[in-house]
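Visitor: Just dropping this structure here.
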């Protein structure tokens, strides 16, 4: 198997090495505090005992992988989903606003791209701003969105979703403009010789040509959308969600909780990107595309 | 419509104008808009409608259309002084009419095909600029006309005034967030990513293991490491720089590794026939060939660095910094200051990106992607 030799073995080796390095750093970073504790307690533990202690502190500087894994496992599988200590619950809160925002953002991005491709004035006036917007930290606007929506009593999920929306529509708009313009002149000319109307050219040539671009930019967009949802939970002072979990962990310096929340966020991200990638492959297959 | 030579924008503007004329006055309270100024606005809009008629456009008629439209909206917005929050429907109708005429100006401009290179550059810049200016005009006119509270959305003029009056504070925040956190992290993360990429290039096993992980990392919400960095490096800028390091490391790693494979087989064979060593091949052939990829990473990272530095300050921070300022000033309902900070962040972001793009043009001028070949 080529994929075994070229991918799986190297990746697992690197990951295993990372875990070893992680343990090393956990001992190294937690040792000063542990020595301090032992001195105050008047204990002189042996080397192995000392090692064990550095890896089982309740609020370590760097929690050991097994501590994080244990916390993650307990809070994911052992708790009731409705419990507010359950990571599934927090993950779902973030995930729901991510998905809502992603759906809005993709729709908006496609709409804007269609406008840009068909209206010259829009192309010349809006496109440069969309490109510039990629270079600025638009996420700084997140607290502003929350404030602007304040008077309207919007539910928290919609506020968060709107931040995800405006983070995710830029990549989709840019990708779709590229995709809708990707048909070659030859193909456009062919449609011309068929006396195809603008909408026929759009549906039969431009849209199918843009599908691969759409899914590539949707992968970027859903990751951005998740970051938007997490960041949106910081200034709202949200009580639920992965961002809120991070913030609460930071206030109480519960490092293990922070790491577990981070892992939960990463798992959600990987699932989302994986799903978009899978949908993309399925759509391409059903459109008659061959694997490259 | 076509017989009159009027576009749909001009026609709707005309309808809006007539409607507004029947609904006068513009403002519901004293002092209101003077009769002369009101007449001038109507005259200017009618003039603009006339200038926009016809089909064959000469630069002079576009210029007249532009001037009349913007003089009208200038009068309209400057008439707001003392009348904030009392605007009536005709005011918004006139605003919509001028906006439609500005749209007409833009669409005429975008069909213009200037002969000279300067003319083309001018048109290329003028259109998006006009669009940006109109967002500000509409923002200003609606917020002040409808009397939206300044603690919800301040008008752009108030934000500009705030920027001018709090320059020292903004400078301190920029220094903290951009020069200390973002730039330090950017340089460290970029160099670390670059060095690891070289290492990965030498050891194929390492590369095969690291590349999928690096690609995967781009999808993860890395920003969440901010609270961890705070427990390690304290609340001041080193922890923010730490977040930026983690965020910028992987794009640089992945792009450099990809870029190092960009040189052709022929060229590498040529280097081999010269009996050049690994390092000679690296510095004389493969790194220059990888330059566009490395610059791509530098550009992506310039945005990521600012995002990382600003968002990390939403967690815990000393009492200075752009992210800190944005979140606290909103809490204190001094929203104009937060907007000022956002404007500065946007400006800094585009300058940062622009500088990288200029360096790229200056150093990789020979590359087909820059030459346009």
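The values are calculated or read from the model by the stated rules, or taken from the named source; none is laboratory data. Everything numeric here is computed off the predicted structure, so don't read it as measured data. Cβ placement follows ideal geometry from the backbone for every residue including glycine, while neighbour counts extend to all protein chains displayed.
Visitor: Report yes if some residue within the stretch B:178-201 is surrounded by fewer than 18 Cβ atoms within 10 Å (Cβ to Cβ), in a helix (DSSP H, G or I) and facing chain A (nearest Cβ under 10 Å); otherwise report no.
Guide: No, there is no match, as no residue in the stretch B:178-201 is surrounded by fewer than 18 Cβ atoms within 10 Å (Cβ to Cβ), in a helix (DSSP H, G or I) and facing chain A (nearest Cβ under 10 Å).
Visitor: In the stretch A:70-103, what residues are free of Cβ contacts under 8 Å to residues at least 40 places away in the same chain, assigned to a helix (DSSP H, G or I) and either more than 17 Å from the chain's Cα centre (by Cα) or surrounded by 20 or more Cβ atoms within 10 Å (Cβ to Cβ) (or both)?
Guide: A:70, A:73, A:74, A:77, A:78
Visitor: Let me confirm something: among B:109, B:94, which residue is over 28 Å from the mean Cα position of the chain (by Cα), buried (at least 20 other Cβ atoms within 10 Å of the Cβ) and within 19 Å of residue B:7 (Cβ to Cβ)? Step through it out loud before you land on a result.
Guide: Details: B:109 fails: over 28 Å from the mean Cα position of the chain (by Cα).
The conditions single out B:94.
Visitor: If the requirement is being assigned to a helix (DSSP H, G or I), within 11 Å of chain B (Cβ to nearest Cβ), surrounded by fewer than 20 Cβ atoms within 10 Å (Cβ to Cβ) and at pLDDT 85 or above, which of these qualifies: A:274, A:280? First the steps, then the outcome.
Guide: Working: A:280 fails: within 11 Å of chain B (Cβ to nearest Cβ).
Step by step, each of A:274, A:280 is checked, and only A:274 is assigned to a helix (DSSP H, G or I), within 11 Å of chain B (Cβ to nearest Cβ), surrounded by fewer than 20 Cβ atoms within 10 Å (Cβ to Cβ) and at pLDDT 85 or above.
Visitor: Quick test for you: out of B:46, B:57, pick the one residue that is modelled with pLDDT under 85, away from chain A (no Cβ under 14 Å) and surrounded by 14 or more Cβ atoms within 10 Å (Cβ to Cβ). If you could, list the steps in order and put the result at the bottom.
Guide: Numbers: B:57 fails: away from chain A (no Cβ under 14 Å).
Being modelled with pLDDT under 85, away from chain A (no Cβ under 14 Å) and surrounded by 14 or more Cβ atoms within 10 Å (Cβ to Cβ) holds for just one of B:46, B:57, which is B:46.
Visitor: Do the conditions hold for residue A:108, that is, is it within 14 Å of chain B (Cβ to nearest Cβ), at pLDDT 80 or above and within 23 Å of the chain's Cα centre (by Cα)? Spell out the reasoning first.
Guide: Numbers: within 14 Å of chain B (Cβ to nearest Cβ): no; at pLDDT 80 or above: yes; within 23 Å of the chain's Cα centre (by Cα): yes.
No: the conditions fail for residue A:108.
Visitor: Quick one: residue B:135 ticks every box in (1) in contact (Cβ under 8 Å) with a residue 40 or more places away in the chain; (2) out of contact with any helix residue (DSSP H, G or I) (no Cβ under 7 Å at 6 or more places or on another chain) except a single one, so which number is it?
Guide: If we test residue B:135 against (1) in contact (Cβ under 8 Å) with a residue 40 or more places away in the chain; (2) out of contact with any helix residue (DSSP H, G or I) (no Cβ under 7 Å at 6 or more places or on another chain), just (1) comes out false.
Visitor: From the list A:240, A:221, which residue is surrounded by fewer than 19 Cβ atoms within 10 Å (Cβ to Cβ) and either closer than 30 Å to residue A:88 by Cα or over 14 Å from the mean Cα position of the chain (by Cα) (or both)? I'd like the intermediate steps shown before the answer.
Guide: On the way: A:221 fails: surrounded by fewer than 19 Cβ atoms within 10 Å (Cβ to Cβ).
The match here is A:240.
Visitor: Condition (residue is closer than 30 Å to residue B:88 by Cα and within 14 Å of chain A (Cβ to nearest Cβ)) applied to the stretch B:157-173: is it met by at least one residue? Give the derivation first.
Guide: So in the stretch B:157-173, the residues closer than 30 Å to residue B:88 by Cα come out as B:157-162.
Restricting the remaining residues to those that are within 14 Å of chain A (Cβ to nearest Cβ) gives B:159.
Yes, some residue in the stretch B:157-173 is closer than 30 Å to residue B:88 by Cα and within 14 Å of chain A (Cβ to nearest Cβ).
Visitor: Filter the stretch A:111-144 down to residues that are surrounded by fewer than 21 Cβ atoms within 10 Å (Cβ to Cβ) and touching a residue at least 60 places away in the same chain (Cβ under 8 Å) and give me whichever is farthest from the other protein chains (Cβ to nearest Cβ).
Guide: That would be A:114.
Okay, residues lined up against (1) free of Cβ contacts under 8 Å to residues at least 24 places away in the same chain; (2) within 11 Å of chain A (Cβ to nearest Cβ):
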| residue | (1), (2) |
| --- | --- |
| B:319 | yes, no |
| B:322 | no, yes |
| B:328 | yes, yes |
| B:332 | yes, no |
| B:341 | no, yes |
| B:350 | yes, yes |
| B:356 | no, yes |
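Visitor: Of the residues A:45, A:60, A:32, which single one is in a helix (DSSP H, G or I) and either under 23 Å from residue B:227 (Cβ atoms) or modelled with pLDDT under 80 (or both)?
Guide: The conditions single out A:32.
Visitor: Can you find even one residue in the stretch B:121-141 that is within 24 Å of residue B:22 (Cβ to Cβ), more than 19 Å from the chain's Cα centre (by Cα) and crowded, with 17+ Cβ neighbours inside 10 Å?
Guide: Restricting attention to the stretch B:121-141, the residues satisfying the condition of being within 24 Å of residue B:22 (Cβ to Cβ) are B:138, B:141.
Filter once more, so that each one left must be more than 19 Å from the chain's Cα centre (by Cα): B:141.
From what is left, the residues that are crowded, with 17+ Cβ neighbours inside 10 Å are B:141.
Yes: the stretch B:121-141 contains one or more residues that are within 24 Å of residue B:22 (Cβ to Cβ), more than 19 Å from the chain's Cα centre (by Cα) and crowded, with 17+ Cβ neighbours inside 10 Å.
Visitor: Further question: Every residue in the stretch A:221-242 that is outside any loop (DSSP other than H, G, I, E, B) and either modelled with pLDDT of 85 or more or facing chain B (nearest Cβ under 8 Å) (or both), please. Reasoning before the result, please.
Guide: To start, the set of residues in the stretch A:221-242 that are outside any loop (DSSP other than H, G, I, E, B) comprises A:221-232, A:242.
Matches in the stretch A:221-242: A:221, A:222, A:223, A:224, A:225, A:226, A:227, A:228, A:229, A:230, A:231, A:242.
Visitor: If you don't mind, there's one more thing I want to ask. Could you list all residues from the stretch B:208-238 that are more than 8 Å from chain A (Cβ to nearest Cβ), in a helix (DSSP H, G or I) and more than 13 Å from residue A:259 (Cα to Cα)?
Guide: B:211, B:214, B:215, B:217, B:233, B:237, B:238 - these are the residues of the stretch B:208-238 that are more than 8 Å from chain A (Cβ to nearest Cβ), in a helix (DSSP H, G or I) and more than 13 Å from residue A:259 (Cα to Cα).
Visitor: Right, another one. Which residue is surrounded by the most Cβ atoms within 10 Å (Cβ to Cβ), if the candidates are limited to the stretch A:243-258 and must be within 7 Å of chain B (Cβ to nearest Cβ) and touching a residue at least 24 places away in the same chain (Cβ under 8 Å)?
Guide: Only one residue tops the list, namely A:255.
Visitor: Still on this structure: Taking the condition within 14 Å of chain A (Cβ to nearest Cβ), touching a helix residue (DSSP H, G or I) at 6+ places or on another chain (Cβ under 8 Å), at pLDDT 90 or above and closer than 21 Å to residue A:133 by Cα, does residue B:312 pass? First the steps, then the outcome.
Guide: On the way: within 14 Å of chain A (Cβ to nearest Cβ): yes; touching a helix residue (DSSP H, G or I) at 6+ places or on another chain (Cβ under 8 Å): yes; at pLDDT 90 or above: no; closer than 21 Å to residue A:133 by Cα: yes.
It is false that residue B:312 is within 14 Å of chain A (Cβ to nearest Cβ), touching a helix residue (DSSP H, G or I) at 6+ places or on another chain (Cβ under 8 Å), at pLDDT 90 or above and closer than 21 Å to residue A:133 by Cα.
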